[in-house]
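Heads up: the structure comes next, in structure tokens.
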Amino acid sequence: MVNTRNILLIGRVNNGKTTLGNVICGEDKFVASTIKETQIEEIEVDEIKYKIIDVVEMDKTSRQQILSKLTEISYFVEEGLNQIFFITDGKFTEEEVFVYNLLRTVIFDDNIIKYTTIIRTKFSDFLLPEKCAEDKEKMVKENEEFSDVIVSCNKVIHVNNINENQDKKGLRVKLITHLQTCQEIYKLGNEKELLHRDEKEKREYEARIQQQDNCKAS
Ligand SMILES: Nc1nc2c(ncn2[C@@H]2O[C@H](COP(=O)(O)OP(=O)(O)O)[C@@H](O)[C@H]2O)c(=O)[nH]1
Ligand SMILES: [Mg+2]
């Protein structure tokens with residue numbers, strides 16, 4: 001049986017989510033921004049299917065819309081979430097912290113931190129471990145309200161995708177190898193069965209799906 005792992009890409013517009021999604025896929029499956037819809041692409045490596053979910057444009061959207069998008073995502077990952085890839089350029093904005101806090105409180109819980117990999121993009125010294133460690137320290141100092149996540153998350157990986165020195169095939173292997181080590185699946189606990197808490201959101205979502213179904217049928 002093919003095992004499926006859901007990977008959520010989150011982060012501010014322009015941090016490199018789409019580019020990274022395409023590196024993981026090994027081809028340009030994800031389309032660059034302007035699109036507000038969530039895009040999901042699947043790849044299979046060594047009998048494991050990775051479902052990669054490129055999420056919301058968090059800075060151009062209202063907080064209510066963000067919550068609603070994340071609710072949708074909690075449906076996509078009902079069978080469990082393998083990893084959140086939080087893609088950052090090193091500076092975490094208020095909106096990003098807001099979204100992550102929604103994830104760790106409303107949708108999931110604090111355990112989600114252990115299922116989070118921070119991908120620091122646009123980092124030209126990615127090949128130098130001591131520079132990467134220095135940068136991680138800098139991120140911890142400069143993003144006080146987010147420091148617990150940076151310190152306690154699964155891993156921080158530094159990359160530079162648009163650079164001739166970053167061998168994309170090598171990076172893909174590195175990311176897939178990392179994913180292969182992420183074997184545990186985070187499952188929504190019973191008490192989180194939908195925001196599983198928020199009945200209003202759930203009804204709105206179901207009504208929207210129903211409407212789409214009606215459109216398709218007519
Ligand atoms: N230098 C550099 N540029 C990057 C990197 N990742 C993405 N970019 C560029 O940043 C811009 C935004 O990337 P994109 O993947 O569309 O970001 P998204 O909005 O988060 O999906 C594009 O022009 C990319 O070419 C990186 O690691 N290094
Ligand atoms: Mg994008």
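The values are calculated or read from the model by the stated rules, or taken from the named source; none is laboratory data. Keep in mind the model is a prediction, meaning the values are calculated, not measured. Every residue, glycine among them, receives a Cβ derived from its backbone with ideal geometry; neighbour counts consider all protein chains shown.
Quick notes
- For the range 7-16, the condition holds for at least one residue, the condition being that it is more than 8 Å from ligand 2 (Cβ to nearest atom), modelled with pLDDT of 90 or more, outside any loop (DSSP other than H, G, I, E, B) and not β-branched (V, I, T).
- Within the range 63-75, none of the residues are modelled with pLDDT of 75 or more, of a type in the set (V, I, T) and either within 13 Å of ligand 1 (Cβ to nearest atom) or in a loop (DSSP other than H, G, I, E, B) (or both).
- Residues that are touching a residue at least 12 places away in the same chain (Cβ under 8 Å) and part of a helix (DSSP H, G or I) were ranked within the range 150-161; the one that is farthest from K114 (Cα to Cα) is I150.
- Remark: L128 matches the filter, which requires a residue to be under 16 Å from V156 (Cβ atoms) and hydrophobic (A, V, I, L, M, F, W, C).
- Against the list (1) closer than 22 Å to T105 by Cβ; (2) modelled with pLDDT of 75 or more, the condition N22 fails is (1).
- Only one entry of N160, N111, N82 meets the criterion of being in contact with a Phe, Trp or Tyr (Cβ under 6 Å, 6 or more places away or on another chain) and at pLDDT below 95, and that entry is N160.
- Within the set L179, L102, the sole residue that is out of contact with any strand residue (DSSP E or B) (no Cβ under 7 Å at 6 or more places or on another chain) and not polar (S, T, N, Q) turns out to be L102.
- Condition broken by F123, with the remaining ones in (1) of a type outside the set (K, R); (2) closer than 18 Å to I84 by Cα; (3) in contact with a His (Cβ under 8 Å, 6 or more places away or on another chain) satisfied: (2)
- Test: residue in the range 74-83 that is surrounded by fewer than 21 Cβ atoms within 10 Å (Cβ to Cβ) and among the aromatic types (F, W, Y): yes
- The range 14-54 - residue that is of a type in the set (D, E) and within 14 Å of ligand 1 (Cβ to nearest atom) and, of those, surrounded by the most Cβ atoms within 10 Å (Cβ to Cβ): D54
Okay, residues lined up against (1) out of contact with any Lys or Arg (no Cβ under 8 Å at 6 or more places or on another chain); (2) part of a loop (DSSP other than H, G, I, E, B); (3) crowded, with 16+ Cβ neighbours inside 10 Å; (4) of a type in the set (D, E):
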{"residue": "G90", "(1), (2), (3), (4)": "no, yes, yes, no"}
{"residue": "T105", "(1), (2), (3), (4)": "yes, no, no, no"}
{"residue": "I112", "(1), (2), (3), (4)": "no, no, yes, no"}
{"residue": "I118", "(1), (2), (3), (4)": "no, no, yes, no"}
{"residue": "L127", "(1), (2), (3), (4)": "yes, yes, no, no"}
{"residue": "E134", "(1), (2), (3), (4)": "yes, no, no, yes"}
{"residue": "E137", "(1), (2), (3), (4)": "yes, no, no, yes"}
{"residue": "D148", "(1), (2), (3), (4)": "yes, no, no, yes"}
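- Filter result for T71 (over 25 Å from S152 (Cβ atoms) and of a type in the set (S, T, Y)): yes
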